[in-house]
Amino acid sequence: MIILDNVTKNFGNFKAVDQVSLQVNKGEFFALLGPNGAGKTTIIRMLLGFIQPTSGSVLINGTPSSKINARKNLGYIAEQHMIPPHLSGFEYLFRHASLIGLSGKNARIEAERVVEVVSMTGKEKNKSSGYSKGMKQRIGIAAAIMGNPELLMLDEPVSGLDPLGIRDVRNIIGNLRSDGLTIMLNSHLLSEVEKTCDTTAIMHKGRIVKKGSIDSILSHGESLEEVFVNYVTQENK
């Protein structure tokens, strides 16, 4: 589903991503981990087609991420998902439907469908100014899955949520995964990654320092947090 082949991204003299290669298979739940400044967001921005690699290739379903066709089956939610406060969740989703080519009755049907998927039925007509952060995240996920994308990219989806909000978002993502969706997660919450993901790559200073299945990485009885700290500490020496 996703292939990065020897990807480097420079911003002037700064190398944000340094010869990164990784693969995310269809139906996989993949986590990209790393401290701030590791290069995670730069990789996501390349996958979304916002920026282009300095060298190497970024492919989604075999198509360069710079091409519109590569992004037609991709849903994305940013860490700081914003909804205009004067709109209800449903109004926001109804307008968002136009971005995937839906209008009128079809847009309404799709908005109603995703509201149910994220368990917001009964609250979708309330103004978003009264939503908790967890409710806003659920509406953000609903927008990201409109049109049934094959790939969902999540940037810190539970950051700042209380335990109940984290549980709700985790359950929604778990259900989407059960439906066969390919998910790429960018997160600092290592305990969540350890509980939910199939594979991971740990980044530091623009490079991947460890990657593999969660089971193989934790085969020596360490927690993911311990593995993460060990590798980042080694790279800082």
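For residues in the range 171-209 being more than 19 Å from Ile3 (Cβ to Cβ) and basic (Lys, Arg), which is surrounded by the fewest Cβ atoms within 10 Å (Cβ to Cβ)?
Among them, the one singled out is Lys195.
Pick from Leu190, Leu176, Leu181: which is free of Cβ contacts under 8 Å to residues at least 60 places away in the same chain and out of contact with any Cys (no Cβ under 9 Å at 6 or more places or on another chain)?
Leu176
Within the bounds of the range 62-70, is there any residue that is assigned to a strand (DSSP E or B) and surrounded by 16 or more Cβ atoms within 10 Å (Cβ to Cβ)?
So far as the range 62-70 goes, no, none of its residues is assigned to a strand (DSSP E or B) and surrounded by 16 or more Cβ atoms within 10 Å (Cβ to Cβ).
Can you pull out every residue in the range 77-132 that is at positive phi and either more than 24 Å from the chain's Cα centre (by Cα) or assigned to a helix (DSSP H, G or I) (or both)?
Gly104, Gly122
Please determine, by comparing only the residues of the range 210-233 that are part of a helix (DSSP H, G or I) and in contact (Cβ under 8 Å) with a residue 12 or more places away in the chain, which one is surrounded by the most Cβ atoms within 10 Å (Cβ to Cβ). Show your work before the answer.
Within the range 210-233, the first condition is being part of a helix (DSSP H, G or I), and the residues that meet it are 214-217, 224-233.
Checking the rest, the ones that are also in contact (Cβ under 8 Å) with a residue 12 or more places away in the chain come to 214, 217, 224-225, 227-228, 231-232.
On the way: Ile214: 19, Ile217: 20, Leu224: 21, Glu225: 13, Val227: 20, Phe228: 24, Tyr231: 18, Val232: 19.
Only one residue tops the list, namely Phe228.
If only one of Arg207, Arg170 is touching a residue at least 12 places away in the same chain (Cβ under 8 Å) and touching a Ser or Thr at 6+ places or on another chain (Cβ under 9 Å), which one is it?
Just a single option satisfies the conditions, and that option is Arg170.
Determine whether the range 31-41 contains at least one residue that is over 19 Å from the mean Cα position of the chain (by Cα) and assigned by TED's automatic domain parsing to the domain that holds Asp179.
No, because not a single residue in the range 31-41 is over 19 Å from the mean Cα position of the chain (by Cα) and assigned by TED's automatic domain parsing to the domain that holds Asp179.
When you go through Glu28, Glu112, Glu91, Glu116 one by one, which is the residue that is out of contact with any Leu (no Cβ under 8 Å at 6 or more places or on another chain) and assigned by TED's automatic domain parsing to the domain that holds Asn6?
The conditions single out Glu28.
Please give the number of the condition Glu112 fails out of (1) in contact with a Phe, Trp or Tyr (Cβ under 7 Å, 6 or more places away or on another chain); (2) more than 24 Å from Leu33 (Cβ to Cβ).
With (1) in contact with a Phe, Trp or Tyr (Cβ under 7 Å, 6 or more places away or on another chain); (2) more than 24 Å from Leu33 (Cβ to Cβ) applied to Glu112, the lone miss is (1).
The values are calculated or read from the model by the stated rules, or taken from the named source; none is laboratory data. Only a predicted model underlies this, so the values are computations on that prediction, with no experimental measurement involved. With ideal geometry, Cβ positions are generated from the backbone for all residues, glycine too; neighbour counts draw on all protein chains shown.
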